[in-house]
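Rule-based calculations on the coordinates, nothing more; no lab input. If you're wondering where the values come from, they're calculated on a predicted model, not measured in any experiment. Cβ coordinates were reconstructed from backbone atoms using ideal geometry, including for glycine residues, and neighbour counts include every protein chain displayed.
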Amino acid sequence: MACSTEAGPVALVIERHSVLTCPACGHRSQEEMPEDSCLFFHECAGCGARLRPLPGDCCVFCSWGTVPCPPKQGIRETA
Ligand SMILES: [Zn+2]
C-alpha cells in the first residue's frame, strides 16, 4: 500500500509587493516591502507628497497599498 502524504512545513505565503496609490495625485508605484518591518513614510514619485499611514494603520502599505505589510499578513484579525 503506497500512502504518501506531504508533510512539509506549513509555509505562510506572504506577498512582498504592494502597489501604493498616492492620495494626492493618484500616482501608483509598486514597492517591495521589507519582510519584518514597516515603512512609515513613502515619497510619491509623481508629485513628491509624503505618504503617511492613516490613524490606526502601522505603515503606508496598510493605508495606501494594495497589500498590507508582511507583519499584518501574518496576523489573522477578527472583525
Ligand atoms: Zn502623488
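Using the Cβ-Cβ distance between Lys72 and Ser29 with R0 = 22 Å, the FRET efficiency computed as 1/(1 + (r/R0)^6) comes to roughly 0.65. Each Lys or Arg adds one and each Asp or Glu subtracts one; over the other residues with Cβ under 14 Å from the Cβ of Asp36, this totals 0.
For a modelled paramagnetic label at Arg16, 7 Å from Cα along Cα-to-Cβ, the residues of the stretch 52-70 in reach, with backbone nitrogen under 18 Å, are 61, 66-70.
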